[in-house]
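The values are calculated or read from the model by the stated rules, or taken from the named source; none is laboratory data. This structure is a prediction, so every number in the text was calculated from the model and none was measured. Cβ coordinates were reconstructed from backbone atoms using ideal geometry, including for glycine residues, and neighbour counts include every protein chain displayed.
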Amino acid sequence: MKFKKIELPFSVEGLEPYIDRETVVTHYEKHHTGYETKFNEGIKGTKLEKYDSIEDILRDFDNIPEELKAVTKNAGGGLYNHNIYWSQFVAERNLTKEEVGKLELIINSFGTKDAFIKELIDKGMAIFGSGWVWAVVNDGKVEITTTTNQENPLMYGAQEILLGIDVWEHAYYLKYKQDRKIYLENIINLLIVK
Ligand code: MN3
């Protein structure tokens, strides 16, 4: 397989009590693996295998052949989005220098961490059905955007992704049932903006 999911950078209990062990195991072993398998199988023998990274593929989405757009968007996005998701939790470690820089950028753009968190939660709540809420950088400023299903802001020209929160029910249902708001309020504790 050319494009791979990342190794979890923390133990499966590492996100407790905010995200439970069972959710991490199911989400990482079943859902994330599913996107990895589907994407690699779906692009086998095509020119997409020549790209160095999924990030490059997503940034070049407009030029992807029509017949490969669905697998790129759904499975490639799913694989890449979850790589971002697992990478961003400050679990069993401290903030990196790069994350401190991102936090400063967020505060400079939003005024306060609370204003940023409120918009992140409000926009996450406003997604109908499955999707992601993102903090992205455009023209040096932080913006909060959303995508549906497994689409990714790089497909729409975002310069850089700071944070990406999965709001598919599989990300929270085992612990929080249908309560997306409580999940979002809890997951903040694991992010650089805590
Ligand atoms: Mn997911």
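Would it be correct to say that residue 165 is crowded, with 20+ Cβ neighbours inside 10 Å, in contact (Cβ under 8 Å) with a residue 24 or more places away in the chain and away from the ligand (no atom under 16 Å from the Cβ)?
Values: crowded, with 20+ Cβ neighbours inside 10 Å: yes; in contact (Cβ under 8 Å) with a residue 24 or more places away in the chain: yes; away from the ligand (no atom under 16 Å from the Cβ): no.
It is false that residue 165 is crowded, with 20+ Cβ neighbours inside 10 Å, in contact (Cβ under 8 Å) with a residue 24 or more places away in the chain and away from the ligand (no atom under 16 Å from the Cβ).
For segment 98-156, the set of residues classified as assigned to a helix (DSSP H, G or I) and small (Gly, Ala, Ser) consists of 101, 109, 115, 124, 126, listed by residue number.
Pairing each residue of segment 75-96 that is without any contact (Cβ under 8 Å) to a residue 24 or more places away in the chain with any residue that is surrounded by 23 or more Cβ atoms within 10 Å (Cβ to Cβ) and of a type in the set (A, V, I, L, M, F, W, C), provided the two are 6+ apart or on different chains, yields no C-beta distance under 7 Å.
So if I check each of 139, 179, which one is without any contact (Cβ under 8 Å) to a residue 24 or more places away in the chain, farther than 26 Å from residue 28 by Cα and surrounded by fewer than 21 Cβ atoms within 10 Å (Cβ to Cβ)? Lay out the reasoning, then the answer.
Values: 179 fails: farther than 26 Å from residue 28 by Cα.
From the options 139, 179, the qualifying one is 139.
When every residue of segment 127-144 is checked against the conditions, at least one turns out to be within 16 Å of the ligand (Cβ to nearest atom) and among the aromatic types (Phe, Trp, Tyr).
From the list 163, 95, the lone residue that is assigned to a loop (DSSP other than H, G, I, E, B) and under 25 Å from residue 194 (Cβ atoms) is 95. Answer yes or no as to whether residue 154 is buried (at least 20 other Cβ atoms within 10 Å of the Cβ), more than 13 Å from the ligand (Cβ to nearest atom) and at pLDDT 95 or above. Criteria met by residue 154.
Is it fair to say residue 117 is over 29 Å from residue 64 (Cβ atoms), in contact (Cβ under 8 Å) with a residue 12 or more places away in the chain and touching a Lys or Arg at 6+ places or on another chain (Cβ under 8 Å)?
Spelling it out, it is not the case that residue 117 is over 29 Å from residue 64 (Cβ atoms), in contact (Cβ under 8 Å) with a residue 12 or more places away in the chain and touching a Lys or Arg at 6+ places or on another chain (Cβ under 8 Å).
Scanning segment 73-114 for residues that are among the small types (Gly, Ala, Ser), touching a helix residue (DSSP H, G or I) at 6+ places or on another chain (Cβ under 9 Å) and within 18 Å of residue 19 (Cα to Cα) yields a single hit, 91.
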